[in-house]
Amino acid sequence: MITELGHFALVLAFLVAIVQAVVPMAGAALRRPNWMALAIPAANVQFLLIAFSFGALMHAFITSDFSLKLVVENSHSAKPMLYKISGTWGNHEGSMLLWVLIVSLFGASAAWFGGALPPTLKARVLSVQASIAVAFLAFILFTSNPFLRLVMPPFDGQDLNPLLQDPGLAFHPPFLYLGYVGLSMTYSFAVAALIEGRVDAAWGRWVRPWTLAAWIFLTIGIALGSWWAYYELGWGGFWFWDPVENASFMPWLLAAALLHSAIVVEKRESLKSWTILLAILAFGFSLIGTFIVRSGLLTSVHAFANDPERGVFILIILTAFTGGALMLYAARASAMQAMGLFAMVSRESALVLNNVLLAVSAFVVFVGTMWPMVAEMAFDRKLSVGPPFFDAAFTPFMVVLGLVLPIGALMPWKRARLGATLRKLAPAFALAVAIGALAWAMQTGRSALGPVGAFLGAWIVAGAAVDLWTRAAGTPARLARLPQADWGRVTAHAGLGVTIFAIAGLTAWQQEDIRVVHPGESYGIGGYTLMLHRVEEGRGPNYFFTAGIVTLAKGNVDIAELRPEKRVYPVSKMPTTEAAIDYRFLRDVYVVIGDDQDNGGLVMRTYIKPFANWIWGGCLLMAFGGLLSLTDRRFRVAAGARARAQTVPAE
C-alpha cells in the first residue's frame, strides 16, 4: 500500500511541477500577483510529495519488500541496516528520485528564504526550477520507474554492489547530489534574470549564497568519494581521473569560478555576461555528468550501467536546458552592459584571470573525459585517456592559479599597484621558499614535485594569513570583528593550499613494496617492520573473508595491529579488497593482501603514504571556509535594501 501511495505521490508531484512551471511564469509576464504567488505553495507541495515518495521507496528497502523489482535487484535480507537505507539511492532509479528530491528541495528553499526577492524574479526562478523537476520527473515516470512490482516476488534479493556497501559510499552520493543538483538554483536565477532583463549588484548578492551552498556540498561529496576510493578499492590512490570523478569535478571548477565572478557583479557590476554564462555552464556540466554516469557510453568503476535509451532521454534534457538557456543568453547578452570600469592591475583583473584558469582547466578535463567516446564514434579508434594526460594538461593551470591567488586576494578594487601588493606578501614568499628549500634538502634522488608542492602550498596558506592580517590592519583586536566572509575566504584558500601540498607530497614521497609473505615472516619498508602472524578465515554479516593479521612496528615498539581482508559476497558472487590502514597525522601505512600462493604465502602490497589525510583535511577546510562565508550576516540581510537595484530593459 505504501509503495502505491509513493508512486501516486510522484505522479501528483509531476502535475504540480507542471503547474508551477507554467502559471507563475505567465503571471510574471502578465503582472498578475495571484498567479505569481502560486509558485510558493506549489514549490512546497511538490517538495512534500516527492519527499513522501522517496520515503515510501526507502521504507520498501528497510522492510525488504521483495515484491518491488528495485529492492530485489539492489538489496538482500542479510544486508546491514545502513546499506539497506543507502541501497535506496545505490541504483539508477532510486538515485534519480534522490536527484529530483534535491531539485525540489532547492526550489522550496527559494520559496522559504527568498522573501527579499522581487515578486516577478522570484516567480520566474521558481518556475524555471520547476521546469527542471518536470523534465526529470518525466524521465523517472516514463523510463525509470522505481515502483515497479513483480508478479512472483522471490524469497530474497540479489544484493547491492559490494563496493557500495561502505559508510563512505552511504553518505557520498547525497552530498554530491546536493552539490551539483544544487547548481540548478544558480541556473534558475540566471535564466530568470535573462527573461527579466535584470542583472545587477543585487542579483549578484542573491545568487552567491546558492552557489556557495552548492559548492560546499560538492566539495564535501568529492572529498568523501576520494576518501572512499582510497581505502575501499585497494589501489592506494585518492584520484584516478575516472569519468565519474570528472563528472563531479568539472561542475566544482565552474562553480568556484562562478563564486568569484559573482563577487565582481555584486561589488563592481562588471562581468555580468560572463557570470550568467558560468551559471548556465555549471549546471550544464552537472547534466553532462548525469549523462556520463547513466548513458553507458563511458565505463567507470562506479557508474550506473544503463541502456543507451535512457542516455538519449537525458541527452534531450541536456540539450533542451543548456541549449535553450544559451540561445536566450545570446539574445539578451547585449543588454547586460558592465557598469564598473577597472584597470589591468586590479582585483577585478585578478578575478578574471582566476575565472579563465578555472574554466580552461574544466574544459581540459572535459576534453580528456569525452575524447575516447568521440574518437570511437568519429574515427572508429579505441583510445584510452588516463592520468598521464590529465596530470600533464591540468596541473600547469593549477600551479598558475596557486601562484596568483594570494596576489589577487590582496589587490584593491578598481586600481592596484603590483609592487605594493608584492611587498606585503614578501614575508609569505620568503617562508614558502624556505619550506620548499627544506623539502628539497630532505629528499634525495627524487623529482621536484614535492618541493614545488611544498612551496606552492606554503605560499597559498601564508598568503591567506597575510590577507587576514591586512584586513585587520595589523591589529589583533580587529581580527575578531572581521566579517565572517573574510574569515571564510582565507580559510577556503588555506584549505586549497593544504590540499595542493598534500597531493604533491603524497605523489612524490610515497613508498611501495610488493612481495609474497608467509605466516611468521617479517619485512621492512620506510623504517617500519611488518610481520604477518597468521591468516584467518571467517564470515561477516553477508560475506566470507580471508584476513591477514599483521603487526606494524618501528624499532622495538609495536605501533598497531592491522587486518587487511579479502571478501567474497556469495549473493552477488563478487570479491572485494579491504585495505588495513594505520592513520597518523604525517603518514599512513597502507596494507593490502592479494591471492594465496601455492607455497602457502600471501601476496602483500604495502605503502607508506605521507600527508594522505591532509588531502581530505584540506578539502574539509575549504568546505568549512565556504560555510563561514555562508553564515555572514550580509547574506541574511535583504539584498534589495543594501544594493542599488538597476533594471536593464530587455531588447
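For the peptides 506-517, 76-87, residues were scored by their other Cβ atoms within 10 Å and the scores averaged per peptide; the highest-first order is 76-87, 506-517. Comparing 506, 451, 360 along the charge dipole axis of the chain, the residue lying farthest to the positive side is 360, per the Cβ-charge model.
Taking the Cα centre of the range 511-612 as origin and assigning +1 to Lys and Arg Cβ atoms and -1 to Asp and Glu Cβ atoms, the resulting dipole is close to 260 debye. Ordering 259, 379, 608 by the projection of their Cα atoms onto the charge dipole of the chain, which places +1 on the Cβ of Lys and Arg and -1 on the Cβ of Asp and Glu, puts 259 at the extreme positive end. Close amide-amide hydrogen proximity is noted between residue 560 and 552, each under 5 Å apart and 5 or more residues distant or on a separate chain (H modeled in the peptide plane; Pro and chain starts excluded). A simple spin-label model places the labels of residue 475 and residue 389 5.6 nm from each other, with each point 7 Å out along Cα-to-Cβ.
For the cross-link pairs 122/272; 84/573; 272/424; 566/609, the ones whose C-alpha atoms lie over 23 Å apart are 272/424. Note on the range 398-509: Cα Rg divided by 2.2 N^0.38 Å, N the number of residues, gives 1.13.
Here the extension length gained between residue 413 and residue 513 equals 30.7 nm, from 0.36 nm per residue of separation less the Cα-Cα distance. What base-10 log of the normalised intensity I(q)/I(0) is obtained for the chain from the Debye formula, alpha carbons as equal point scatterers, at q = 0.10 Å⁻¹? Taken in order of the listed q values, log10 I(q)/I(0) reads -1.01.
Computed over the range 1-165, the quotient of the alpha carbon radius of gyration and 2.2 N^0.38 Å is 1.17.
Built from the Cα atoms of the range 445-496, the convex hull projects on average onto 3.9 nm², one quarter of its surface area. Note on the chain: helix-only mean residue ellipticity at 222 nm, from DSSP H runs of 4+ residues weighted -39500 (n - 2.57) and normalised by residue number, equals -21000 deg cm²/dmol.
A protection proxy built from the mean count of other Cβ atoms within 10 Å ranks the segments 362-368, 455-461, most packed first, as 455-461, 362-368.
Stretching residue 138 away from residue 448 to a fully extended chain increases their span by 106.3 nm, per 0.36 nm per residue minus the current alpha-carbon distance. Put a plus charge on the Cβ of each Lys and Arg, a minus charge on the Cβ of each Asp and Glu, and nothing anywhere else: the dipole of the chain about its Cα centre is then about 3000 debye.
Note on the range 540-619: the C-alpha convex hull projects to 7.4 nm² when averaged across all orientations. Taking packing as the residue-averaged number of other Cβ atoms within 10 angstrom, the listed peptides 105-117, 268-280 run from highest to lowest as 268-280, 105-117.
Principal axis extents of the C-alpha atoms in the range 213-252 (largest first, rounded to whole Å): 32, 17, 9. Using only alpha-carbon positions in the range 174-214, the gyration tensor eigenvalues give semi-axes of 22, 11, 4 Å once each is multiplied by 5 and square-rooted (largest first). Extending 7 Å from the Cα toward the beta-carbon at both residue 441 and residue 603 defines two label points whose distance is 4.3 nm.
Look at the dipole of the chain built from charges on Cβ: of 392, 625, 469, the Cα furthest out on the positive end belongs to 469.
The length gained on full extension between residue 333 and residue 378, counted as 0.36 nm times the residue separation minus their Cα-Cα distance, comes to 12.9 nm.
Label separation (residue 539 vs residue 5): 3.8 nm, computed from points 7 Å beyond Cα along the C-beta direction.
Where a number appears in this text, it was derived from the coordinates with a stated rule and is not lab data. These numbers were taken from a predicted model, which means no experiment stands behind them. Heads up, the Cβs are rebuilt from the backbone with ideal geometry, glycines too, and the neighbour counts pull from every protein chain shown.
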